[in-house]
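Contents: one structure, followed by commentary.
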Amino acid sequence: MGASPEILLTILLFAMSCVWAFPEVASAKHAGITRHYKFNIKLKNVTRLCHTKSMVTVNGRFPGPRIVAREGDRVVVKVVSHVPNNISIHWHGIRQLQSGWADGPSYITQCPIQTNQTYVYNFTITGQRGTLFWHAHISWLRASVYGSLIVFPKHNVSYPFAKPHKEVTIMLGIQLPFFYFSDDLLFVYSRVEYKHFGLV
Ligand SMILES: [Cu+2]
């Protein structure tokens, strides 16, 4: 025997009220695809300014790999630490809707990832597009652990400007990689931090 019209109507009304109450969840579930990335945090010898240093990198790359997604996509990044340092990754500029635990600041939304441990970041990009970046969010590791995070518009949605002839991603390290190759990194970095907070 089939369900009565009243029951069907009740189910329909309940489903509609859920979509009305949680539109982001509803659209996130059906809007895009899931994109998987793996970040192996490991040491790598990098040469700049005639000096070679062992640096903390993602997948041995500096800057690290780019993340590419479309608005509405879910991004899943498995981060595995192979370095002695504690680390976490912040997805700079991403609005974490109902996924605050994926934001990344160490000691704020998560404990840092320790040596030989793994953390999976899982978030959906909702209502934003453009070029952002990701970076380590603990101590001075952000000096070498960073990369671009590009969010394209949804399929069949145009840019809010004329379509560019070509797109090139430019990463500007904030001078820290330059100082990294001098022996004064920690001194310089502490000055930058203090300046950032208006202390000097
Ligand atoms: Cu950030």
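Quick look at the values:
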item: Test: Gly100 is at positive phi and within 16 Å of the ligand (Cβ to nearest atom); result: no
item: Qualifying residue in segment 114-129 (condition: assigned to a loop (DSSP other than H, G, I, E, B) and within 12 Å of the chain's Cα centre (by Cα)); result: yes
item: Long-range neighbours under 7 Å by Cβ, at least six apart or interchain, first residue farther than 10 Å from Gly93 by Cβ and within 13 Å of the ligand (Cβ to nearest atom) within segment 121-136, second among the β-branched types (Val, Ile, Thr) and assigned to a loop (DSSP other than H, G, I, E, B); result: His135/Val145; Ala136/Val145
item: Where Cys111 falls short, out of the listed (1) over 23 Å from Thr57 (Cβ atoms); (2) more than 14 Å from the ligand (Cβ to nearest atom); (3) modelled with pLDDT of 95 or more; result: (1)
item: Where Val76 falls short, out of the listed (1) at pLDDT 95 or above; (2) within 14 Å of the ligand (Cβ to nearest atom); result: (2)
item: Tally, over segment 13-60, of residues that are modelled with pLDDT of 95 or more and touching an Asp or Glu at 6+ places or on another chain (Cβ under 6 Å); result: 2
item: Those residues of segment 129-158 which are hydroxyl-bearing (Ser, Thr, Tyr) and in contact with a helix residue (DSSP H, G or I) (Cβ under 8 Å, 6 or more places away or on another chain), in sequence order; result: Ser144
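The values are calculated or read from the model by the stated rules, or taken from the named source; none is laboratory data. What you see is a predicted model, and the numbers here were worked out from it, not measured in a lab. Using ideal geometry, Cβ is built from the backbone for each residue, glycine included, and neighbour counts are taken over all protein chains shown.
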